[in-house]
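S.K.: Questions regarding the structure given below will be posed in turn.
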Amino acid sequence: MSDLHVRIWRGDAEGGFSAYQVPRQESQTVLDVVTYVQRQLDATLAYRFACRVGMCGSCAMTVNGVARWTCRTHVSKVIDDQGALEIAPLNHLPIVRDLVTDMAPFFDQWAAASGQFSGAKTRHDDFATVPPDSPARRAIDAAIECIGCGVCYASCDTVAWNPAYLGPAALNRVWTLVQDARDTATLDHLRAVSGDAGCQACHTHVSCAERCPKNISPTVGIAGLKRALTKATLKGQL
Amino acid sequence: MTRHIHRPSRMNDARSRQHAGWWAFALHRISGVALALFLPLHFWALSQSLQGPDALEHFLRWTDRPLFKFAEWGLVCLLALHMTGGLRVLALEFLPWRDWQKTLLACSVGAAFVVGCAFALAL
Amino acid sequence: MSARLQTWLWIAQRGSAMVLAVCVSVHLVTMVIAVRGGLSAAEILARTQGQLAWLIFYSVFVVTVTVHAVVGLRAVLGETLGWRGWLRDLCLGAFALLLIIVGARAVLGVFGAGQ
């Protein structure tokens, strides 16, 4: 197999691409390529990964212009005809160095969106009973597997155009809470996701759903929040 | 809560936008802005009739040239596109939806195409 | 502007969109019929003059399209030009006023109020 022509982002926001030759291998992932460069060609390359099996959400990068989880992205799926591979840090987040972004703004939005559960029960109470096939529980099932990788946030143009926008992942999280029969702060959640920075800012590009490696559709959850918010506003509850 | 300062970072380019939902958005936004800017002109033209039918007729005859006819047809197409694209957005937002977004997009573009053809034939 | 008011603007935009879907459908059909054999003032006015139904229809059309266009432009100005804040909203308010006034003149004109 011929070598891969890899360009990797080096430096901070003012950095640029450096070129590397990496041997092509069978079943090679993009993370394998980055690891090869760091171990064999340039030990100063900074990148982030942990589990390597698609659970931890730490290895997301921009691969040939598209945000992806690199540990589960096969090189064969993303290289163009010339065998070129361009690897950059995630978009829309401050670059710490090379392929490492500062994820703090991303997670700050989860807090700003009131992405925390608040319940009424204590450890002394019995378990809540939530029927597994109830519509609300099914809606949560469809949205709960988020690994917090930031791919949706980096793919969403509204995040770039509207800096206050909470973003798909945080809104998806709040949707699961609004659907949660045990959560007691529904109106607080809706208030936190209302307005120009909230769910109404979503223009249904559907980029988040298109790119989510876990096949979640934050657009569905955001649409649900729009409906819940509309209903509560029309009822005068907010 | 600590708010982190956004240092400049990289932005998406066309490579991340090659999918149906983004194209639907682009069509919707371009047609929407164009129609909004056309509105005052359209209202002004029709308000000529306040000075009587002759004033409106005079204006209509003035627009009797190929460039205006083409622009009229373009505006009708944009209106049809914006309406059908808007129905798509309303369906996505207000109807419980599954995986038929692409079907919706195809329907909306198709309906707009039909209207465009009808108007062109009637011209 | 409070998040509450922003939410109401969004509801107004989606609500107006639902009304506009009906108005625009009627408008498209009317246009396709009207342009046959060329547009003429006499033909347009013969349809609309003194017709209360058309007066109500076009009045609703002008009001909803004004709401819809102005709220839409608000998002575009914020996202594309980065123009946010009270001055943008004030300018949009002025644009809304312009649309309502010129729109009302158009509606009254085709109804035949100028005669």
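S.K.: Of the residues that sit in the range C:83-115 and are out of contact with any helix residue (DSSP H, G or I) (no Cβ under 8 Å at 6 or more places or on another chain) and at pLDDT below 95, which one is farthest from A:Pro163 (Cα to Cα)?
M.R.: Restricting to residues being out of contact with any helix residue (DSSP H, G or I) (no Cβ under 8 Å at 6 or more places or on another chain) and at pLDDT below 95, the top hit is C:Gln115.
S.K.: Only one of these conditions is not met by A:Arg191: (1) more than 14 Å from chain C (Cβ to nearest Cβ); (2) surrounded by fewer than 24 Cβ atoms within 10 Å (Cβ to Cβ); (3) more than 12 Å from A:Gly221 (Cα to Cα). Which number is it?
M.R.: (1)
S.K.: Are any residues in the range A:9-56 charged (D, E, K, R), under 23 Å from the mean Cα position of the chain (by Cα) and assigned to a helix (DSSP H, G or I), and if so, which ones?
M.R.: Restricting attention to the range A:9-56, the residues satisfying the condition of being charged (D, E, K, R) are A:10, A:12, A:14, A:24, A:26, A:32, A:39, A:42, A:48, A:52.
Filter again for under 23 Å from the mean Cα position of the chain (by Cα), leaving A:10, A:12, A:32, A:48, A:52.
The one that is charged (D, E, K, R), under 23 Å from the mean Cα position of the chain (by Cα) and assigned to a helix (DSSP H, G or I): A:Asp32.
S.K.: Continuing with the same structure: Of C:Thr7, C:Thr80, C:Thr48, C:Thr30, which residue is within 26 Å of B:Val76 (Cβ to Cβ) and within 14 Å of chain A (Cβ to nearest Cβ)? Before the answer, list the steps.
M.R.: Details: C:Thr7 fails: within 26 Å of B:Val76 (Cβ to Cβ); C:Thr48 fails: within 14 Å of chain A (Cβ to nearest Cβ); C:Thr30 fails: within 14 Å of chain A (Cβ to nearest Cβ).
Checking each option against the conditions leaves just C:Thr80.
S.K.: Oh, and also: Any residue at all in the range A:160-178 that is closer than 27 Å to A:Lys77 by Cβ and surrounded by fewer than 22 Cβ atoms within 10 Å (Cβ to Cβ)?
M.R.: Our first condition is that a residue be closer than 27 Å to A:Lys77 by Cβ; within the range A:160-178, this holds for A:160, A:167-169, A:172.
Now narrow it down to the ones that are surrounded by fewer than 22 Cβ atoms within 10 Å (Cβ to Cβ): A:160.
The answer is yes; a qualifying residue exists.
S.K.: Also, quick follow-up: Taking the range A:194-238 as the search range and keeping residues that are in a loop (DSSP other than H, G, I, E, B) and within 9 Å of chain C (Cβ to nearest Cβ), which one is farthest from the chain's Cα centre (by Cα)?
M.R.: Across the range A:194-238, the extreme among qualifying residues is A:Leu238.
S.K.: OK, next. Looking for something over 12 Å from the mean Cα position of the chain (by Cα), more than 10 Å from every other protein chain (Cβ to nearest Cβ) and at positive phi - is there at least one such residue anywhere in the range C:92-103?
M.R.: Restricting attention to the range C:92-103, the residues satisfying the condition of being over 12 Å from the mean Cα position of the chain (by Cα) are C:92-94.
If we keep only those that are more than 10 Å from every other protein chain (Cβ to nearest Cβ) as well, we get C:92-94.
Those left that are additionally at positive phi: none.
Checking the range C:92-103: not a single residue is over 12 Å from the mean Cα position of the chain (by Cα), more than 10 Å from every other protein chain (Cβ to nearest Cβ) and at positive phi.
S.K.: If I ask for residues that are surrounded by 24 or more Cβ atoms within 10 Å (Cβ to Cβ) and part of a helix (DSSP H, G or I), which ones from the range A:131-159 would you list?
M.R.: A:Val151, A:Cys152, A:Tyr153, A:Ala154, A:Ser155, A:Val159
S.K.: May I ask you to list the residues in the range A:94-148 that are closer than 30 Å to A:Asp42 by Cβ and touching a helix residue (DSSP H, G or I) at 6+ places or on another chain (Cβ under 6 Å)?
M.R.: A:Phe106
S.K.: Check B:Trp73 against each of (1) among the aromatic types (Phe, Trp, Tyr); (2) free of Cβ contacts under 8 Å to residues at least 40 places away in the same chain; (3) more than 14 Å from chain A (Cβ to nearest Cβ) and name the one condition it does not meet.
M.R.: It fails just one condition, (2).
S.K.: Quick check: is even one residue across the range B:112-120 away from chain A (no Cβ under 14 Å) and surrounded by fewer than 14 Cβ atoms within 10 Å (Cβ to Cβ)?
M.R.: Filtering the range B:112-120 down to residues away from chain A (no Cβ under 14 Å) leaves B:112-120.
Then drop every residue that is not surrounded by fewer than 14 Cβ atoms within 10 Å (Cβ to Cβ), which leaves B:114, B:117.
Scanning the range B:112-120, I find at least one residue that is away from chain A (no Cβ under 14 Å) and surrounded by fewer than 14 Cβ atoms within 10 Å (Cβ to Cβ), so the answer is yes.
S.K.: Determine whether the range A:61-78 contains at least one residue that is within 18 Å of A:Asp3 (Cβ to Cβ), of a type in the set (Ser, Thr, Tyr) and in contact with a strand residue (DSSP E or B) (Cβ under 9 Å, 6 or more places away or on another chain).
M.R.: Checked against the condition, which is being within 18 Å of A:Asp3 (Cβ to Cβ), of a type in the set (Ser, Thr, Tyr) and in contact with a strand residue (DSSP E or B) (Cβ under 9 Å, 6 or more places away or on another chain), the range A:61-78 yields no hits at all.
The values are calculated or read from the model by the stated rules, or taken from the named source; none is laboratory data. In this text the structure is predicted, and so the values were computed from the model without any measurement. Counting neighbours? That spans all protein chains shown, and the Cβs are built from the backbone with ideal geometry, glycine included.
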